[in-house]
């Protein structure tokens, strides 16, 4: 469920941008979160000197035959566990999104609510960044494919393997916050 | 935030229906929940012999100027507190609902997710009943107004005052479960 990579590094350009005082605020450990009922992606990055490294990333998988309420408990507990273990001080979650219909939107909302209640209860600041802005920040193009985001995240954090798409989205959200101020509109999040 | 009424009774007809063995299963304390970000309504009823009494009901109010994540924490914590205090074993939540758009549906979903994660984590069974079925069971008409539901809930539980609309919805959901089997389709919920 949770893969760990210690010591992976972001490219120097990213590291330098993120080391500019005042741009990344004072958050040293950033949690990126892409919630969904069956496969919540998350990624934690930590600033080490002038660089950002991947600390943990993965997915909270809830099988199709699990009841919704059981999934919500699993998501809430996993988030509590991750936050307790790695002590991030900010969580970046996907903002505006696409949903097929109201029912889908509500179920996605339930997953978000279960995760964010745990996270906010632990005292983290929660910000929302639109998916387009994440793609823009990571790949340079707001309409980029999920695969392209995963590949770029792998390169930026020098991971030995490409993360799963959901885990990559979590890392991408965290990195987008880390990169803020590096380009127009990049990483600008809204506190929720 | 939380009003308590002890000793209020359901009318005899309701009490008798709810006392039929096997119809109300083994749940003695039922939590009804009508979640929303700013005003989550809840109602707890308990079976005492052949009658159902209101144990607690009210609203979790989150002011407009609170950030969403703060509301989610408040909702999750209040639910944990209520469940810990009154030990319900089943939670009945509104099923299909009306939402103006996807954003509204997602925000409503967040409130539901925060509440249900707490509730399910405490081991409660969670079932969903459509609002129309609740109105049908309580007022006898699926298109009933909120006010009519509140009035009927007041009468059924012999409350001294009409509950607020949101608290009444919580009580109505709980009562609908208690009434199950009393009429065609009444109280039939779906485990989620």
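Bear in mind that the values in this text are calculations on the coordinates, not laboratory data. This structure is a prediction, so every number in the text was calculated from the model and none was measured. Cβ atoms come from the backbone with ideal geometry, glycine included; neighbour counts cover every protein chain shown.
Using R₀ = 30 Å, calculate the FRET efficiency as 1/(1 + (r/R₀)^6) where r is the Cβ-Cβ separation of residue B:161 and residue B:101; round to 0.05. Result of the calculation: an efficiency of 0.30. Each copy carries a label point for residue A:49 at 7 Å from Cα along the beta-carbon vector; from one copy to the others these points are 7.8 nm apart, nearest first. In nm, one decimal, shortest first: how far is the label point of residue A:77 (7 Å from Cα along Cα to beta carbon) from the matching points in the other copies? Distances between equivalent label points, in nm: 2.3. Label positions at residue A:65 and residue A:148, each projected 7 Å from the Cα along the C-beta direction, are separated by 4.0 nm. Relative to the compact-globule estimate of 2.2 N^0.38 Å, the Cα radius of gyration of segment A:76-122 comes out at 1.29.
Here the calculated FRET efficiency for residue B:89 and residue A:190, from their Cβ-Cβ distance with R0 = 35 Å, stands at 0.30, rounded to the nearest 0.05. Using only the alpha-carbon atoms of segment A:37-176 as identical scatterers, what base-10 log of I(q)/I(0) does the Debye formula give at q = 0.12, 0.17 Å⁻¹? Taken in order of the listed q values, log10 I(q)/I(0) reads -0.47, -0.97.
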